[in-house]
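Here's the structure we're looking at; comments come further down.
The values are calculated or read from the model by the stated rules, or taken from the named source; none is laboratory data. Small disclaimer: the values here were computed from a predicted structure and weren't measured. Positions of Cβ are generated from backbone atoms using ideal geometry, with glycine treated the same way; all protein chains shown enter the neighbour counts. Accessible surface areas use protein heavy atoms only, side chains included; no ligands, DNA or RNA. Shrake-Rupley method; radii C 1.70, N 1.55, O 1.52, S 1.80 Å.
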Amino acid sequence: MRIQLATVPGDPARPNEDWAATAMPASGLGGLLVVLDGVTPPPGNGDCVHDVPWFTARLGGALTELSASRRDVTLAEILAESIRRTADAHRDTCDLSHSRTPQATVVLARWDSAELEYLVLSDSALLLESCDGTVRAVLDDRLDRVPRSALVSDAVADSLVRNKEGGFFTAAADPSAAARAVTGREPLAPLRSVLALTDGATRWVEKFGEGSWGDCVALIRKAGPEGLVERVRELEAGDVGRVFLGGSKRHDDATVVAVEL
């Protein structure tokens, strides 16, 4: 098994709000990956005393521990319990009911000698490459289906679509969000590799249209995760930047984890 990981902040002056981990048992049979993309809050959000990196580290640590130790529990149940644990860690000091309580997108994958189990919540991506070279993207496309009119400002999005029916969901303080995740299982034998990318890296496909998901995997195999992120940065340098909720963000934190099975 070969594991490659790169994570690069969008702005060197700001903490990287992405979080990633991989793990495998001592036997070498099976493994797991966890990738989180912390949601940057709008300026002036003071309802939590903890920053987003604190939240993603807490949530990511819980997800990694439980995914490795509780093979008898589904990934959706693990996400729910991890959200609950993280919420309990700051429930007494912070307003967890606030729409911008710290939150993150989630990609989980876990495999043994026979099967791969996966979970995707919000707009990060999981790519499954088969031995025949085909690549399937596992995506939670709820945010893409939200009307643009509901995303004109942070306030409108928070009141209408963030963690609401008919909108999109993230891992924040409500464990029930885990039930909204895209989940599934795949036989392991036909798979060559599994990759997870935050949306700062998926821009190569989704924003700049440099190629298909299969082309993206081929680039990562040739140039490594760092090569994909470097190419995204080059494209961003010649672009006005993607418009995010609350303003324009030219560079975003970018994380890529690639595991050859």
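Checking the a/c ratio against 1.5 first, then a/b against b/c, what shape does the Cα gyration tensor give for region 1-119? Here region 1-119 falls in the oblate category.
Quick check on the chain: helices-only [θ] at 222 nm, where DSSP H runs of length 4 and up contribute -39,500 (n - 2.57) each and the sum goes over total residues. Nearest 500, please.
Working: 6 runs with 78 residues, N = 261.
Result for the chain: -9500 deg cm²/dmol, rounded to the nearest 500.
Surface listing: Val8, Val257 arranged by accessible area from highest to lowest gives Val8, Val257, probe 1.4 Å. When the inverse distances between all different Cα atoms of region 140-239 are averaged and flipped, the Kirkwood radius reads 16.2 angstrom. Annotation: His251 carries an accessible surface of approximately 60 Å², with a 1.4 Å probe and no ligand, DNA or RNA atoms counted. With a sphere of radius 15 Å drawn around the Cβ of Val152, what net charge do the other residues whose Cβ falls strictly inside it have (Lys, Arg +1; Asp, Glu -1)? Here the count lands on 0.
Here the relative contact order of region 89-148, from alpha carbon pairs under 8 Å that lie six or more residues apart, stands at 22 percent. Scanning the chain for long hydrophobic helices, with DSSP H runs required to stretch 15 angstrom or more by C-alpha along their axis and to average at least -1.0 on the Kyte-Doolittle scale, returns 52-69, 75-90, 213-237.
Loop only by DSSP, 16 or fewer other Cβ within 10 Å of the Cβ. Give me the trypsin sites (Lys or Arg not before Pro) in region 86-117 that pass, ordered by residue number.
Details: sites: Arg91, Arg100, Arg110; in loops: Arg91, Arg100.
Hits after loop and neighbour filter: Arg91.
Modelled label positions at Ala13 and Arg221, each set 7 Å beyond Cα in the direction of Cβ, lie 4.1 nm from each other. Taking all protein chains as they are arranged and a probe of 1.4 Å, the heavy atoms of Trp213 leave approximately 40 Å² accessible to solvent. What is the chain by shape, rounded, prolate or oblate, if you read a ≥ b ≥ c off the alpha carbon gyration tensor as root eigenvalues and call it rounded for a/c under 1.5, prolate for a/b larger than b/c, and oblate otherwise? It is oblate, given that a/c is not under 1.5 and a/b is not larger than b/c.
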